[in-house]
1. What net charge is computed for the residues neighbouring A:Leu118, neighbours being all others with C-beta under 13 Å from the C-beta of A:Leu118, Lys and Arg scored +1, Asp and Glu -1?
2. First select every other residue whose beta carbon is under 14 angstrom from the beta carbon of B:Leu7; then total the charges, Lys and Arg +1, Asp and Glu -1.
3. Report the GluC sites (Glu not before Pro) located in region B:1-85 that are in a DSSP loop and have at most 16 other Cβ atoms inside 10 Å of their Cβ, or state none.
4. Let's test this: bin the Cα-Cα distances of region A:152-195 at 5 Å from zero up to the farthest pair and state each bin's percent.
5. Please list the radius of gyration and Dmax for chain A, considering alpha-carbon atoms only, with Å as the unit.
6. Going out from 0 in 5 Å bins, what whole percent of all Cα-Cα distances in region B:209-296 drops into each bin?
7. Would you list the membrane-span-like helices of chain B, meaning whole DSSP H runs whose alpha-carbon atoms span at least 30 Å along their axis and whose mean Kyte-Doolittle value is at least -0.5?
8. Hey, which lysines would be in cross-link range of A:Lys98, C-alpha to C-alpha under 26 Å, not counting anything within fewer than 8 residues on its own chain?
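No value in this document is a laboratory result; all are computed from the given coordinates. The structure presented is a predicted model; accordingly, all values stated were derived computationally and were not measured. Here the Cβ positions follow ideal geometry from the backbone for every residue, glycine too, while neighbour counts run over all protein chains shown.
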Number of protein chains: 2
Amino acid sequence: MDFLAELKARAALVDRALDEFLPPEDAYPPVIHRAMRYSLFAGGKRLRPVLVLAAAETVGGDPVKVLPAACALELIHTYSLIHDDLPAMDNDDFRRGKPTCHRVFGEAIAILAGDALLTHAFALLARNAREQLAPVERVIQVIGEVAVAAGTPGLIGGQVVDTLATDDTVDAATLEYIHRHKTGALYRVSVRAGAILAGAGEKQLEALTAYAENLGLAFQIQDDILDVEGDPARLGKPVGSDKRNKKATYPALFGLDMARARAKEAVEEALAALELFDERAGFLRELARFVATRDF
Amino acid sequence: MDFLAELKARAALVDRALDEFLPPEDAYPPVIHRAMRYSLFAGGKRLRPVLVLAAAETVGGDPVKVLPAACALELIHTYSLIHDDLPAMDNDDFRRGKPTCHRVFGEAIAILAGDALLTHAFALLARNAREQLAPVERVIQVIGEVAVAAGTPGLIGGQVVDTLATDDTVDAATLEYIHRHKTGALYRVSVRAGAILAGAGEKQLEALTAYAENLGLAFQIQDDILDVEGDPARLGKPVGSDKRNKKATYPALFGLDMARARAKEAVEEALAALELFDERAGFLRELARFVATRDF
């Protein structure tokens, strides 16, 4: 399997679905729909929606049927980036080389565009049931889990602790809390959503959850490592920003070697969790190997 | 029926449920849960949740069973107020006589508290199914409708147009758009949510929707009127702010007499829509009479 080509093909599938599922740019009032689409189509690996598709595939489901849920997870991720970039939060002017939403549309519209993406995510999740893509009991379970993962027990909790953290207060436990919540919770629920919608059994769901938790950790550590030793041209963004911002990271707390070892271990644990699946877990396996070796 | 005592009793029921359904104030990280509760319990008539309960009652349902949905609507209303008050939006320092969320907790936490309330609303809506309070098909329909009403086709759309409107651009059609979306959409979906969860038939749902649309209009016009001629002591807030902020209002566009007549007409239409119901619609009838005569 040419993994990167596969990843790209799936991301393209997600992009087409996002375009279909979002209100058109000229729907009244157009500025908010332009802002939503601007941030949503500003680039990004589409890892969360791709995880939804791959988890469904792994348990024998049809990835196309979980596209609304996959897109919902990407909307939630994008909303969190827009709000995270706001002057009152990280005050970032650029993301992925492009001006951030509030730099282009102003703060008020950026706040509302984030709100709108989050809200639309739940409209999309409900669509799984309306279009009878999955049994309604599964859809409801996924909506409940996504709301928890995106809320204060998950994404927002991590964001709050990250916002309040200064370099004196961040120890290993706090760093782990931030990562497990700010990024880990959405990876975890992406995998679970795809699996639940496709009818995963209890044991399968447990294994996939362990996979996702380890994948999220490996991804985050590699992100931290790339900010130290990555190639800005390849990454499409400057490196060293964590150090300048005195951000707590794995390399800063444990050193580069320990961070690399921890990422490798997480990948191995992710792969071990997939042992009960057949070749339909092939993409998830490749993805786990990819996250800790990637240079972008 | 002593309507105000009834209204108070129902609001108290909602308050107890809100307290039960929200994460405790000391749940980690506590600051976000304190901020959510601060704004949620800063006062307010609880009209939206009370509408959910009363609509369920009107079609013969048990109001207690729709409490999670009722609370969800109040969370969405509160989130919209927190974000609306932000410096980048209306920049309000006080609401209902108390410092606004961002004045107490800072802008970053206020943004996140709004996000968290919106997210938790969908967790609560899903709870209706988890606790088997209503058939799962009805719950999913309500989640879909709430997401649309709170999104750019509803609440956020109204907010966007209101944010962009200056006094030169607001004509009667724009004013109506703002009101129907910024406030009307949540009233409408509150009534529909309660009715759908309680198993309303097609005709009942149609009638209740017409009721809600007219109620929302009457409520909004009366709000505008009270800002002109209300008693600040009774209202608990200063009057004349619409004029100072050059806000488009019914009295400003049509004059006080026309505004009063339009509100009265809307109340009559709301009452007419309830004709097919028996005495279980008593509370909704009293509520319609109340909104256009209230002095607070």
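1. Net of charged neighbours comes to -4.
2. Details: positive: B:Lys8, B:Arg10, B:Lys45, B:Arg46, B:Arg48, B:Arg285, B:Arg289, B:Arg294; negative: B:Asp2, B:Glu6, B:Asp15, B:Glu57, B:Glu286.
For residues surrounding B:Leu7, the net value is +3.
3. B:Glu25
4. That works out to 6, 26, 27, 19, 11, 6, 3, 1, 0, in percent per bin.
5. When restricted to Cα atoms, chain A yields Rg and Dmax of 18.4, 53 Å.
6. With a bin width of 5 Å, the distribution comes to 3, 16, 24, 20, 17, 10, 7, 3, 1.
7. Helix filter hits for chain B: B:107-130, B:202-229.
8. Within reach: A:Lys8, A:Lys45, A:Lys182, A:Lys237, A:Lys243, A:Lys246, A:Lys247.
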